[in-house]
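A.B. asks: Quick one: structure below, then a few questions.
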Amino acid sequence: MKPILYSLLLVALVFVEDVRASSLPEGWRFTGSDQQLYKVGIDQQQGKPAPSAYLFAQEGTNSEQFGTISQRFNPQKYLGKRVRLSAWVKTTNVEGWAGLWMRIDTQTFKGLTFDNMKNRPIVGSNDWKKYSIVLDVDSRATALLFGVFMSGKGKLWVDDFKFEVVDSKVPLTKANLTKPQNTNF
């Protein structure tokens, strides 16, 4: 597993709050591999509509490092349903990659279902665009975690997160493996 992928999985599995999270509204957390290399806060001038949260890489950041703004909540009203998480994202000079992410935990398994947009990353500079993740919420789910992250250099703004129940005909966004792959390396 590549180091950045491993790091992203670890941050999705364990939250370690940073004092800078106090610059975010209640309920939001800031985590990452090298938190001192990222700046987070609220931008009163940018948004869909303004304000929005931002995540900026500071000098010295490389593609192996990342930061994320996230939340965790009880998924009771979504149990057994297909859910779409959407949010508006704007980026400037993202050299690594960025994306929304969503994870569903059960009592016995953290990360039962996970999508971080790795198969459809946000890179470079992009004006405001709506992105989404669609996952099935297991009927045994005990927590739903979501957020936005960025690896490497760049600037990212995010706004207007929404959750909605969708029809089972709406395709899932995470890769569904139906058979073993690359078994002979």
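A.B. asks: Please go through the range 116-133 and pick out each residue that is exposed (fewer than 14 other Cβ atoms within 10 Å of the Cβ) and either more than 17 Å from Trp101 (Cβ to Cβ) or touching a helix residue (DSSP H, G or I) at 6+ places or on another chain (Cβ under 9 Å) (or both).
C.D. replies: Correct list: Gly124, Ser125, Asp127.
A.B. asks: With respect to Trp128, determine if the residue is of a type outside the set (Val, Ile, Thr) and touching a Pro at 6+ places or on another chain (Cβ under 7 Å). Show your work before the answer.
C.D. replies: On the way: of a type outside the set (Val, Ile, Thr): yes; touching a Pro at 6+ places or on another chain (Cβ under 7 Å): no.
In short, no.
A.B. asks: Report whether or not Lys110 is part of a loop (DSSP other than H, G, I, E, B), touching a helix residue (DSSP H, G or I) at 6+ places or on another chain (Cβ under 7 Å) and in contact (Cβ under 8 Å) with a residue 60 or more places away in the chain. Lay out the reasoning, then the answer.
C.D. replies: Working: part of a loop (DSSP other than H, G, I, E, B): yes; touching a helix residue (DSSP H, G or I) at 6+ places or on another chain (Cβ under 7 Å): yes; in contact (Cβ under 8 Å) with a residue 60 or more places away in the chain: yes.
The answer is yes for Lys110.
A.B. asks: Give just the number: which of (1) more than 18 Å from Phe30 (Cα to Cα); (2) out of contact with any strand residue (DSSP E or B) (no Cβ under 7 Å at 6 or more places or on another chain) does Lys130 not satisfy?
C.D. replies: Just one mismatch for Lys130, condition (2).
A.B. asks: Which one of Asp136, Asp160 is surrounded by fewer than 15 Cβ atoms within 10 Å (Cβ to Cβ) and modelled with pLDDT of 95 or more?
C.D. replies: When all the criteria are applied, what remains is Asp160.
A.B. asks: Just checking, how many residues over the range 60-114 are among the polar types (S, T, N, Q) and under 11 Å from the mean Cα position of the chain (by Cα)?
C.D. replies: Taking the range 60-114 and keeping what is among the polar types (S, T, N, Q), we get 61-63, 65, 68, 70-71, 74, 76, 86, 91-93, 106-108, 113.
Of the ones still in play, those that are also under 11 Å from the mean Cα position of the chain (by Cα) are 68, 70-71, 86.
Residues flagged as among the polar types (S, T, N, Q) and under 11 Å from the mean Cα position of the chain (by Cα) within the range 60-114 amount to 4.
A.B. asks: Further question on the same structure: Hey, any hits in the range 51-60 for a residue that's free of Cβ contacts under 8 Å to residues at least 24 places away in the same chain and small (Gly, Ala, Ser)?
C.D. replies: yes
The values are calculated or read from the model by the stated rules, or taken from the named source; none is laboratory data. Computed from a predicted structure; not experimentally measured. All Cβ positions, glycine included, derive from the backbone under ideal geometry; neighbour counts span all protein chains shown.
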